[in-house]
Amino acid sequence: MREPVLPPQQLIQLRPRHASLGEWGFALEYFPNYINRKMLFHTLDVVLLSCVIRGRRRHYIQGQSFVEAGPSVSVTHYGQRHCILTGPSGIEIFNVYLDLQKHPLPILPRELQPVVPLLLPLHPRFVHHLNRIVRLPFADAEELGQLLAALERELKQRSPGYREASEALWKLLLIHCCRRALKSGVHPAHTPTRLPQPRLEQVRQYLDQAYQEPHTLAGLARRAGLGRTYFCRAFRAYT
C-alpha cells in the first residue's frame, strides 16, 4: 500500500524536549493509550525504537505501509519519513530515543554483534537510500512491557547508579531485538526504482560492519572489483 501524496513532512526535534538526550543521548517515553487518527508525516533528529505492547496500528514508512500489532518493535532511522495511525481504542507503546553522536551502541555477545548493523545505524552519518525497514514481532507482551517499564523507572527516578542500570536494561532490550531479528529477519526498504547492485551492496554491508576500521577509496574499489573513479561515482549515487 503506497502512502498518499502529502505536503512536506515536519522535522520533530526531540533533543530539546528530553534532558537525558542532551546529557547522554538516550531517552524513553511511555504512552499507555496513544491515539492518532490524522496522517501527519514527520522525520526525527534521532533514532526511534517504537515498542508496541498492546493494540494495532498502521505504520507508513519509506513509501510503504504495514499493520503492526503488539508485542513488537520497529526502528525508524534518522530522516526516515513516517506516520502512525491507530484505531479509536489506541495502543500501549514505549518510544526509545537514541542519539548515536552521544550514545554509542553497546558491544553484544559475538554471535549477536553482526546483527546490530541490520537493526540500527551505527553512526548518524550512516543514512542512505537503502535504509532498512525494521519490524520485529515479539512473543511475550508481559516480558517486553516489564523490561521497558523497568527502564522507564530508572530514567525517571534517577537513583544512584541509574545510568549503569539503564545501560544494562538497554543492552538486554537490544539482545532481545537481535534474537528476534535472527528468527524473523529484517525487511529491506528497496524500491523498484533503486534495486540493490550486488558489488556496491557488498561494500555497503561491509562498511556497516567494519565502520571502526580505517578504509581507503582504493581498497573499497578493489573490494567491489571496480576502478576508483567509477566506484566513487557509482557508490555515491547508490547510497
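The values are calculated or read from the model by the stated rules, or taken from the named source; none is laboratory data. Being a predicted model, the structure only gives us computed values, none of them experimental. FYI the Cβ positions are ideal-geometry reconstructions off the backbone, even for glycines, and counts take in every protein chain you see.
Things to note:
- Among residues of segment 52-88 being at pLDDT below 90 and part of a loop (DSSP other than H, G, I, E, B), the one that is surrounded by the most Cβ atoms within 10 Å (Cβ to Cβ) is 77.
- The one condition in (1) over 19 Å from residue 146 (Cβ atoms); (2) crowded, with 18+ Cβ neighbours inside 10 Å; (3) free of Cβ contacts under 8 Å to residues at least 40 places away in the same chain that residue 97 fails to fulfil: (3)
- Selection count, segment 111-135, where residues are assigned to a loop (DSSP other than H, G, I, E, B) and either among the hydroxyl-bearing types (Ser, Thr, Tyr) or at pLDDT below 90 (or both): 13
- Just one of the numbered conditions (1) in contact with a strand residue (DSSP E or B) (Cβ under 6 Å, 6 or more places away or on another chain); (2) under 30 Å from residue 165 (Cα atoms) is not true of residue 25: (1).
- Figure legend. Inter-residue proximity from segment 226-239: first residues under 11 Å from residue 197 (Cβ atoms), second residues modelled with pLDDT of 85 or more and part of a helix (DSSP H, G or I), beta-carbon distance below 6 Å, spacing 6+ or different chains. No pairs are indicated.
- Qualifying residue in segment 174-184 (condition: assigned to a helix (DSSP H, G or I) and without any contact (Cβ under 8 Å) to a residue 40 or more places away in the chain): yes
- Filter pass, residue 188 being under 29 Å from residue 58 (Cβ atoms), at pLDDT below 95 and in contact with an Asp or Glu (Cβ under 9 Å, 6 or more places away or on another chain): no
- Check on residue 172, out of contact with any His (no Cβ under 9 Å at 6 or more places or on another chain), modelled with pLDDT of 85 or more and within 30 Å of residue 65 (Cβ to Cβ): no
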